[in-house]
Amino acid sequence: MATSSDEMKMKPTWRRFEDGNNVWDKLTDKIFNQDRSHKCPTYVHKTPPCQASCPSGEDIRGWLQIVRGLEQPPRGMDWREYAFRRSTDANPFPAMMGRVCPAPCQDGCNRNELEDFVGINAVEQFIGDTAIANNYRFEAPERDTGKRIAIVGGGPAGLAAAYQLRRRGHSCTIFEANEALGGMFRYGIPGYRVPRDKLDAEIQRILDMGRIEVRLKTRIGRDVSVEQLEKDYDAILWAIGCQTGRGLPVPGWEGTPNCVTGVAFLKAFNEGRLKVTAGKVVCVGGGDTSIDVVSVARRLGHITNPNPNELPEAIIRDGYLAHDSARVAAAQGAQVTLTSLFPRDKMTAAEHEVEDATREGVTILDGVMPIEVIKDADGRATGLKIADCIMTDGRPTPVAGTERVLEADLIVSAIGQGGDLSGLEQFDNGRGLMNSDKFYQVPGKPGHFVAGDIIRPHLLTTAIGQAWVAAESIDAYVMQTEPKRRPKVDVHHFNLLDKLNEVNRAPETFDVAKFGDLRGTSEGNWAVHNYEDRSGAEIISHEELFLGHFNYVPRYRRKEEVPSADEVLGHFHERVIGLTEVEAIEEAKRCMSCGLCFECDNCVIFCPQDAVYRVDRSERTTGRYVATDYAKCIGCHICADVCPTGYIKMGLGE
């Protein structure tokens, strides 16, 4: 009887041979011929692809292990706090990033080869929200290096850098041109995606570390000179982001009042000034910013017969004007269209965000390009001419005969961002951005460092990861030490020696004068035996895992409150509803712990010689659960075959 396709999906099976290789080897022959083998198991730690795919470099496997109850916290610490401290070693914004990060880690997750990725950002949101609810604080060192660092920009990169620098004992001053800290968190993402109370809590937790001065509404190059910063501080980090949007490169855009950028649109909304939009809104984009623009436009709606100073473009461009709340009560729904050069499945916005926008009543036209802004006699845009397009060498080419006009009262360009280096022209690389070397130093500018979008606009998580590396480079610079060599896989790794120290089980100090040359011994506790750390150099792929060990376990999905087209007007409730504690724990258990032991006992159970054994409880900890008696081992490789995580390699002796 044939197996149904549904059952194949629900109960996948895995073969350790390729199609065409249908001759079953005699395993007993292999086993009993291997007594001449020089290869025996060693325990090799590698980086899982989720961590390798995380621009912040989080130890994702580590905090998932803690949430699931596998890695135990130090005595006296609750596991929730331990998970928080492990996750924030790299990224101080778990509540924020758990909500808005597009999660490249999940794209890299090896469980995709089995059924579906682990909901990493859902568990991270649980960690962040739990930390806020329990008022967990960051620890700052008592020592003061006496070094003062100027951080220009109080967005994700600047705040993350302040956090990392304070952990190293340095004092910081954050210079922020806006009225509040947060950068793109606050001014680029709507509040229904980033709750402001939780954003404020995560920012305040950094400031509470002490010796972080904040100077708001202060623009370097206008209010304070670069020369003054160089005089007053030991180093300067430029984290000014990209606060300007790019206009459409089509005739009619330039100088047209009701043509605005997505960055300006969202900033006016997030500042609380833009409370209604136009009757017909056309947004050109296809990325996350454009999705936010059209979703906000649908929620705001429009008012009929607005006064000139109530037009949305007047509010967006002025910076001081704001809509009257009384007029907003009469808002009606807006007709909103999003256009994208790329087909829907190639749009850079997250797929579920596109689906949500469609549910909310946004019309999405994919595979089209803007041709011209159509204007009336007064110079206002009345429509956007578009055409179907094909991509040739990465550039769109219009298809003849497909031109048509989309009526529009407001046209929004969400096709990219740029930097504003007015007053800082000496740092401009000619593209409105700043250059950086691999240590995030500004080339040719000793003492100047850079992180975030001003290098190249990218993800929030990218800016946070760059800030971590920049902070380490700044620390080396001000303390006059050599910058450490960056590993090939440059993320936060599990460190077995640190873990052994944490549980007071570290190896003893080896005294050569006392013990002499003991190369090859495994009897003394002077080293971590038969363990090799390759995490800084190698990423473990699904091909190294024994996927047959894992059962089908559906993902615990977060609920989302996404309004319908009829409900969207005035709907500003938070979209993502976090996992409960039970759900977060169960979701964390879906992690396959790629590249590190998760104590399944397969190697112990299946070893025919009883050579593999559990380490004594008094010596056991995460990453140190099993060992091998090499006097019994015959090199049969069964332990490596049945290791689900790929942690065991037949390499000892090579």
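Read-outs throughout are calculated quantities, based only on the coordinates presented, and are distinct from any laboratory measurement. All values derive from a computational prediction rather than experimental measurement. So basically every Cβ, Gly included, is an ideal-geometry build from the backbone, and we count neighbours across all protein chains shown.
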Zone reached by a paramagnetic label modelled 7 Å from D197 Cα along Cα→Cβ, restricted to segment 131-153 with backbone N below 20 Å, covers 131-137
Percent antiparallel among DSSP beta bridges confined to the chain, nearest 5, equals 45 percent
Label model pair H573, K438: point-to-point distance (7 angstrom along the Cα→beta-carbon line) in nm is 5.1 nm
Looking only at aspartates and glutamates whose Cα falls under 18 Å of K649's and that sit 8 or more positions away or on another chain, we get D35, E532, D533, E538, E543, E544, E599, D601, D610, D629, D641
Matching label for the computed Cα extents along the principal axes in Å, out of [x] 92, 75, 46; [y] 84, 74, 56; [z] 71, 70, 54, is [x]
PRE zone check, label point 7 Å out along Cα-to-Cβ of E113, amide N under 16 Å, scope segment 528-542, hits 538-542
Beyond 29 Å (Cα-Cα) in this structure, taken from K147/K217; K198/K484; K346/K484; K267/K385; K147/K198; K275/K559, we find K198/K484; K346/K484; K147/K198
Per the Cα gyration tensor, segment 207-342 corresponds to an equivalent ellipsoid with semi-axes, largest first in Å, of 34, 19, 15
Any aspartates and glutamates whose Cα falls less than 13 Å from that of K375, other than same-chain ones fewer than 8 residues away, would be E254, E407, D409
Candidate cut points under trypsin sites (Lys or Arg not before Pro) in segment 443-539, DSSP loop plus at most 13 other Cβ atoms within 10 Å of their own Cβ, are K484, R485, K488, R519
Checked against the positive end of the charge dipole of segment 506-654 (+1 on Cβ of Lys and Arg, -1 on Cβ of Asp and Glu, about the Cα centre), the farthest of A584, A527, L569 is A527
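Only four residue types carry charge here, +1 at the Cβ of Lys and Arg and -1 at the Cβ of Asp and Glu. Report the dipole size of segment 245-414 about the Cα centre in Debye, rounded to the nearest 20.
240 debye
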Magnitude of the Cβ-charge dipole (Lys and Arg +1, Asp and Glu -1) of segment 528-588 about the Cα centre, nearest 20 debye, reported as 100 debye
By the mean-Cβ-within-10 Å protection proxy, highest first, 619-626, 459-466 rank as 459-466, 619-626
Rounded to 0.05, the calculated FRET efficiency for the beta carbons of K559 and E407 at R₀ = 30 Å is 0.25
At R0 = 30 Å the Cβ-Cβ FRET efficiency linking R485 and A527, nearest 0.05, sits at 0.85
Residue separation between R211 and T358 times 0.36 nm, minus their alpha-carbon distance, gives in nm 48.2 nm
The ³J(HN,Hα) series, computed from each phi in segment 297-306 with the Karplus coefficients 6.51, -1.76 and 1.60 at θ = phi - 60°, rounded to the nearest Hz and given as x for glycine or proline, is 4, 5, 6, 6, x, 9, 10, 7, 6, x
Magnitude of the Cβ-charge dipole (Lys and Arg +1, Asp and Glu -1) of the chain about the Cα centre, nearest 20 debye, reported as 640 debye
Within segment 245-414, the percent of DSSP beta bridges that are antiparallel, given to the nearest 5, stands at 45 percent
One finds the C-alpha centres of segment 364-413 and segment 580-654 to be spaced, in Å, by 59 Å
Dipole check, the chain, charges on Cβ (K,R +1; D,E -1), about Cα centroid: among V328, G367, T621 the Cα furthest to the positive pole belongs to T621
Projected onto the charge dipole of the chain (unit charges on the beta-carbon of Lys, Arg, Asp and Glu, signs +1, +1, -1, -1), the Cα from C643, P74, S56 with the largest positive-side position is that of P74
For segment 56-68, Karplus-derived ³J(HN,Hα) couplings (6.51, -1.76, 1.60; θ = phi - 60°; whole Hz; x for glycine and proline) come out as 6, x, 6, 7, 4, 4, x, 6, 5, 4, 6, 4, 6
For the chain the mean separation of alpha carbon contacts under 8 Å (6+ apart) over residue count, i.e. relative contact order in percent, is 22 percent
